[in-house]
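Below is one structure, written out as structure tokens, with a few remarks after it.
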Amino acid sequence: MDFVAFNYFPPNKEEYIKGIAEAISASGIQLTHLGKNDPPRKWSGSAEEIYDVLSGGNDKTNYTFAKDSKNKVDIDFSLGNCPEAITSTISISGKSKEVVERLCLHFSKYVNSFLCISGQLGLGAAQQWTYLLQNDHCPASILDQVKNA
């Protein structure tokens with residue numbers, strides 16, 4: 001059984017992209033793969049290089065994919081990159097519920113998260129989510145999306 005967690009946070013913030021790079025360095029995970037395509041290519045770069053990959057691109061949503069093969073964790077970054085964006089998202093999946101949830105909450109310390117939820121991978125959006133963190137400033141549209149999926 002695999003688990004998934006989602007971290008929703010404000011879009012269009014360069015400081016949060018820097019925070020994500022710092023969070024990865026401080027998390028204890030070792031990225032073995034990182035890139036703009038899924039699956040990402042092999043990786044062995046620094047925190048500064050992680051920032052460069054994350055901030056690269058000018059699409060409305062800036063996607064980056066990462067993997068830690070040793071800990072069997074996949075991380076997908078969907079960074080809102082336009083004025084009308086409501087949120088950015090970090091999606092974390094892996095074999096260990098504890099690792100997935102710990103990483104989701106770890107990122108929340110660096111990106112001013114609105115909401116962190118976790119569940120079982122493969123059950124879809126309509127499953128019963130566990131709320132790990134909910135900020136008072138969480139946009140209603142995000143809560144509606146999670147509750148009404």
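A few comments on the model shown:
- All positions within the range 35-60 that are open to solvent by less than 50 Å² (accessible area, probe 1.4 Å), outside any helix (DSSP H, G or I) and either in contact with a Leu (Cβ under 9 Å, 6 or more places away or on another chain) or of a type in the set (K, R) (or both): P40, G45
- Within the range 61-71, considering residues that are open to solvent by 40 Å² or more (accessible area, probe 1.4 Å) and touching an Asp or Glu at 6+ places or on another chain (Cβ under 9 Å), the one farthest from S27 (Cα to Cα): Y63
- Filtering the range 90-125 to residues that are open to solvent by 80 Å² or more (accessible area, probe 1.4 Å), free of Cβ contacts under 8 Å to residues at least 60 places away in the same chain and in a loop (DSSP other than H, G, I, E, B) leaves only L123.
- Every listed requirement among (1) over 26 Å from C138 (Cα atoms); (2) over 15 Å from the mean Cα position of the chain (by Cα) is met by V53 save one, (2).
- Residue satisfying all of: in the range 126-148; open to solvent by 60 Å² or more (accessible area, probe 1.4 Å) and in a loop (DSSP other than H, G, I, E, B); farthest from I86 (Cα to Cα) among these: Q128
- Summed over the range 38-52, the residues that are within 13 Å of K67 (Cβ to Cβ) and either at pLDDT below 90 or of a type in the set (D, E) (or both) give a count of 3.
- Scanning the range 98-137 for residues that are over 16 Å from the mean Cα position of the chain (by Cα) and closer than 15 Å to S88 by Cα returns N135, H137.
- C82 at pLDDT below 90, open to solvent by less than 50 Å² (accessible area, probe 1.4 Å) and more than 15 Å from A21 (Cα to Cα): yes
- Per the conditions (1) in contact with a strand residue (DSSP E or B) (Cβ under 7 Å, 6 or more places away or on another chain); (2) more than 14 Å from F3 (Cβ to Cβ), the sole criterion not satisfied by E84 is (1).
- Any pair with Cβ under 9 angstrom, 6 or more apart, that starts in the range 2-23 at a residue that is within 16 Å of I92 (Cα to Cα) and ends at one that is part of a strand (DSSP E or B) and of a type in the set (D, E): none
The values are calculated or read from the model by the stated rules, or taken from the named source; none is laboratory data. Model, not experiment: these values are computed from the prediction. Note that each Cβ is placed from the backbone with ideal geometry, even for glycine, and that neighbours are counted across all protein chains shown. Note: areas computed on protein heavy atoms with side chains; ligands, DNA, RNA excluded. Shrake-Rupley method; radii C 1.70, N 1.55, O 1.52, S 1.80 Å.
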